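Engineer: Pasting a structure below so you can have a look.
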Amino acid sequence: MQGNGPIAGYEMRSNVVVAARHGIAADLVGLQVMGFELEQVGYLRYAMELRNLSMIDIEVLGASIEDVLVAYEAHDEIAEQLTWPLEGDWRGVFDRN
């Protein structure tokens with residue numbers, strides 16, 4: 001799904017399967033396959049910072065990200081995620097494996 005998904009977006013075939021034992025790792029690799037950077041998606045950036053993770057910690061098997069990259073259209077409100085406040089007790093969500 002690209003654009004303003006999941007309701008107003010539209011399908012985009014990439015013919016790529018991403019699987020991981022850790023959901024954040026799968027999301028990060030999927031994000032890069034779709035042509036986005038970590039800094040563009042707030043929840044992943046926050047999760048990676050809280051877990052002290054980087055792409056160096058993730059082993060990609062099979063084709064390289066560069067070989068399967070397909071540029072997706074971002075949601076119109078993607079930049080708003082970067083303004084979410086980092087307060088409260090939500091951090092526990094990212095402490096699960």
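Engineer: Determine whether D57 is at pLDDT 85 or above and surrounded by fewer than 11 Cβ atoms within 10 Å (Cβ to Cβ). Break it down into steps so the answer makes sense when it comes.
Structural biologist: Numbers: at pLDDT 85 or above: yes; surrounded by fewer than 11 Cβ atoms within 10 Å (Cβ to Cβ): no.
Judged against the criteria, D57 is not a match.
Engineer: Which ones in segment 9-53 are buried (at least 16 other Cβ atoms within 10 Å of the Cβ) and in contact with a strand residue (DSSP E or B) (Cβ under 8 Å, 6 or more places away or on another chain)?
Structural biologist: Within segment 9-53, M34 is the sole residue that qualifies.
Engineer: Looking only at segment 22-36, which residues are without any contact (Cβ under 8 Å) to a residue 24 or more places away in the chain and over 8 Å from the mean Cα position of the chain (by Cα)?
Structural biologist: G23
Engineer: On the basis of being modelled with pLDDT of 80 or more and either among the acidic types (D, E) or on the phi > 0 side of the Ramachandran plot (or both), does D76 make the cut? Step through it out loud before you land on a result.
Structural biologist: Values: modelled with pLDDT of 80 or more: yes; either among the acidic types (D, E) or on the phi > 0 side of the Ramachandran plot (or both): yes.
It is true that D76 is modelled with pLDDT of 80 or more and either among the acidic types (D, E) or on the phi > 0 side of the Ramachandran plot (or both).
The values are calculated or read from the model by the stated rules, or taken from the named source; none is laboratory data. Note that this is a predicted model, so its numbers are computed, not measured. FYI the Cβ positions are ideal-geometry reconstructions off the backbone, even for glycines, and counts take in every protein chain you see.
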